[in-house]
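Have a look at the structure below, then the notes.
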Amino acid sequence: MTYEISEKELAPQLALTHRMRVTMPTIGERIGAGFGVLMEHAAKTGAQWAGPPFILYPEACEDEYDIVICMPVVPGAVAGGAVALEEVPGGHVATTMHVGPYPGVGQAYTALQQWMTDNGRHPAGAPREVYLNEPGAVPDDELLTEVDWPIA
């Protein structure tokens, strides 16, 4: 797959967040459970969504690593239990779109890393995956995942 890469500014976003540790074998199941925690919390508290969900990943995903599952919300949302309310920082990012099943999204990271090398840039923070549609709503080969990686 060929990836078009560009640069853009991300605005800070108010989000309900849920932090968890994952491994490569458990990530799919754990992400589903994490989004469930956020959805249940929002239903109980009346939080209103303000954009597509996203996940913050560490710059290097080793054996076991922490992720932050984020659901953007409008002001007035509240934290509680395992759910925090945070302003997720914005900033300057390199961005690309992965089209297709989630297991292939690593190709987008490889393309972004190559672009950074080719353009004298380097990572400057946690990358995020923004999920623009959802499994079950579209065929897997039509899933859209925007990958944004802070750069310097």
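The values are calculated or read from the model by the stated rules, or taken from the named source; none is laboratory data. As the structure is a prediction and not an experimental result, all values here were calculated from the model. Positions of Cβ are generated from backbone atoms using ideal geometry, with glycine treated the same way; all protein chains shown enter the neighbour counts.
Quick notes on this structure:
- Only a single item in (1) at pLDDT 95 or above; (2) over 23 Å from Glu134 (Cα atoms); (3) in contact with a strand residue (DSSP E or B) (Cβ under 6 Å, 6 or more places away or on another chain) is not met by Gly34, and it is number (2).
- Selection of region 102-112 for residues being more than 16 Å from Asp141 (Cβ to Cβ) and surrounded by 15 or more Cβ atoms within 10 Å (Cβ to Cβ) yields Tyr109, Ala111, Leu112.
- Gly125 within 15 Å of the chain's Cα centre (by Cα), under 27 Å from His41 (Cβ atoms) and part of a loop (DSSP other than H, G, I, E, B): yes
- Criterion violated by Gly46 - all others in (1) more than 24 Å from Ile5 (Cβ to Cβ); (2) of a type outside the set (Asp, Glu); (3) in contact with a Leu (Cβ under 6 Å, 6 or more places away or on another chain) satisfied: (3)
- Region 24-52, residues that are under 24 Å from Thr95 (Cα atoms), without any contact (Cβ under 8 Å) to a residue 60 or more places away in the chain and part of a loop (DSSP other than H, G, I, E, B): Met24, Ala50, Gly51
- Just one of the listed residues (Val83, Val99, Val78, Val37) is within 29 Å of Ala152 (Cβ to Cβ) and surrounded by 13 or more Cβ atoms within 10 Å (Cβ to Cβ), and it is Val99.
- For region 128-140, filtering for residues that are surrounded by 17 or more Cβ atoms within 10 Å (Cβ to Cβ) and more than 13 Å from the chain's Cα centre (by Cα) leaves 0.
- Residue count for region 53-72, restricted to those that are in contact with a Lys or Arg (Cβ under 9 Å, 6 or more places away or on another chain) and either free of Cβ contacts under 8 Å to residues at least 40 places away in the same chain or surrounded by 17 or more Cβ atoms within 10 Å (Cβ to Cβ) (or both): 8
- Taken over region 23-64, the criterion of being touching a His at 6+ places or on another chain (Cβ under 7 Å) and within 30 Å of His122 (Cβ to Cβ) is satisfied by Gly34 alone.
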